[in-house]
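The structure appears below as structure tokens.
The values are calculated or read from the model by the stated rules, or taken from the named source; none is laboratory data. Keep in mind that what you see is a predicted model, and the values were worked out from it rather than measured. Counting neighbours? That spans all protein chains shown, and the Cβs are built from the backbone with ideal geometry, glycine included. For the accessible areas, the whole protein counts, side chains as well, though only heavy atoms, and no ligand, DNA or RNA atoms are used. Shrake-Rupley method; radii C 1.70, N 1.55, O 1.52, S 1.80 Å.
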Number of protein chains: 2
Amino acid sequence: MTENIFSSLSLELQAESLDVLLQNNNIRIERIISQGHTSPASGWYDQEDNEWVLIFEGAGTILFEDGREVTMRKGDYLHIPAHAKHKVSWTDPDRQTIWLAVHYPAPT
Amino acid sequence: MTENIFSSLSLELQAESLDVLLQNNNIRIERIISQGHTSPASGWYDQEDNEWVLIFEGAGTILFEDGREVTMRKGDYLHIPAHAKHKVSWTDPDRQTIWLAVHYPAPT
């Protein structure tokens, strides 16, 4: 009935893992698990939608195209406006970092 | 730049606490902190919007009008469709329970 954000954690994470927890035409909620991974492999995320991201466990750094760098730890959350080019430039190599990402339309 | 979901926690929580972390015309993300509180005081929540709720710390029980009862613990998440009448029937009296609630429009 309920599901748990810690479920199905792989012991060895070869690549960054992404699960869609909820999706309709207004919203998409994702769980992303990384351990030392950075993304995207090259270039920047340039998203149509707004994103609200929170770290559930672990730590990671988001780099914006304008040079701004934000290191986030457990409980930290950040709003990333649509088309704010960014990438994940660092995640803790020693443990899994669990991100919760909520994608939703920019206001019209 | 970032904010933290654990910030501004009161040491003594006389009433359930609700903070809006993000709001636009498509979404509302709230942090709710309870400790032994139940809500609403009487009757049921009957919401226009869908709600996706996750427990960040602690434990709580959601009772639906149809008698279904869901006890949630750290990391558990639950989808509550619009107009599914429900209430928080129990929260852990011994520690603060931190809920993350994402309200978003039902699909049209």
Tell me which residues, restricted to the stretch B:30-55, are at negative phi, over 10 Å from the mean Cα position of the chain (by Cα) and either surrounded by 20 or more Cβ atoms within 10 Å (Cβ to Cβ) or not aromatic (Phe, Trp, Tyr) (or both). B:GLN35, B:HIS37, B:THR38, B:PRO40, B:ALA41, B:SER42, B:ASP46, B:GLN47, B:GLU48, B:ASP49, B:ASN50
The condition from (1) among the aliphatic types (A, V, I, L, M); (2) open to solvent by 40 Å² or more (accessible area, probe 1.4 Å); (3) closer than 27 Å to A:PRO107 by Cβ that A:ALA15 misses is numbered (3)
Checking the structure you have, find out if any residue of the stretch A:18-41 is within 11 Å of chain B (Cβ to nearest Cβ), of a type in the set (D, E, K, R) and closer than 23 Å to B:LEU22 by Cβ. yes
Going by what's in this entry, would A:LEU100 be described as open to solvent by less than 70 Å² (accessible area, probe 1.4 Å), closer than 19 Å to B:LYS74 by Cα and at pLDDT 95 or above? yes
Scan the stretch A:16-54 residue by residue and report those that are within 23 Å of A:ARG73 (Cβ to Cβ) and small (Gly, Ala, Ser). A:SER17, A:SER34, A:GLY36, A:SER39
Criterion violated by B:ASP66 - all others in (1) away from every other protein chain (no Cβ under 14 Å); (2) more than 23 Å from A:ARG73 (Cα to Cα); (3) out of contact with any Asp or Glu (no Cβ under 6 Å at 6 or more places or on another chain); (4) open to solvent by 60 Å² or more (accessible area, probe 1.4 Å) satisfied: (1)
Within the stretch B:1-32, count every residue that is closer than 17 Å to B:LYS87 by Cβ, aliphatic (A, V, I, L, M) and at pLDDT 85 or above. 2
